[in-house]
Amino acid sequence: MPRGAGGRRRHRRLRARQRRQHLLLLARLDQQRPLERQPVDLLAPAVDAVRDARLLAPDRDIRLAADDRTAYVVTGDEIRLRQVLSNLTGNALAHTPPGTPISIGLGPGRLGEAAALVLEVAGQGPGLTPEQAERVFERFYRTDTSRTRHTGGSGLGLAVVASLAAAHGGAVSVHTAPGDGAAFRVTLPLADTDAPLGELGETPEDPGGPSAASGPPAGGRPAGPNPQRGRTSGHRPAGRAEGTAG
């Protein structure tokens, strides 16, 4: 048996298990089954995401950029919001060259007329073409088909991010250009301290489509592309809308 074959088998089993977990979660979200509804301070999960990414890639410069003028409290399911961060950082690690800096940012934004929080994960990788940017949140879509057999992901990681953002009343977008890296953003409504807690029910209606979510790069301009130069693609799935690849 070739050296490393056992490791490859374990990797395939891990990918298969991750794929099943993603499919089960997407099915639950498609059915609009409720999520937990509690105040969540996203600063702590963001700090944990940076720490975890540094353990996985100690050769990289991975930083947190946070605007201290902003409250980072949203209403939602902390476990699922941590999954959003995990999927985005995992995607950045998988699709950028070794040693590439990665930035995780939190900052102010807008959802329609309402104040919102922007969570951004940016990397100085190869970036995406306009066609890739339009499709990157589709389920099973992979930007690098050469990685599919041996090292590719489930093709669902970013789809999960998009669906979880929608379930929390938010939106996702990507700011990118070929050769200029990519910045993935999740825009979430800030917590309403007067709202009753409990569960997040049906996916809310789109208050303005992809253009409803806006805001500067979290914490100023983290490592990544200049959004003014790059392609911007917004995605806000509802119900059984198509999702993504990771």
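Read the figures in this text as sums done on the coordinates, not as results from a lab. Small disclaimer: the values here were computed from a predicted structure and weren't measured. Every residue, glycine among them, receives a Cβ derived from its backbone with ideal geometry; neighbour counts consider all protein chains shown.
For the range 102-125 versus the range 30-57, the spacing of their alpha-carbon centroids is 14 Å. Charge tally around residue 51: other residues with Cβ under 15 Å, Lys/Arg +1 each, Asp/Glu -1 each, net +1. Length available on full extension from residue 47 to residue 33: 0.36 nm per residue minus the Cα-Cα distance, which gives 2.2 nm.
Taking amide H positions as modeled 1.01 Å from N, with prolines and chain starts lacking one, the residues under 5 Å from residue 191 and 5 or more places away or on another chain are 73, 74, 75.
Highest mean first, the peptides 51-62, 158-169, 180-191, 92-103 sorted by other C-beta atoms within 10 Å per residue fall in the order 158-169, 180-191, 92-103, 51-62.
Work out from phi, with θ = phi - 60° and the Karplus expression 6.51 cos²θ - 1.76 cosθ + 1.60, the ³J(HN,Hα) of each residue of the range 79-86, listed in order in whole Hz, and give x for Gly and Pro. Those phi angles translate into 4, 6, 5, 5, 5, 4, 4, 4 Hz.
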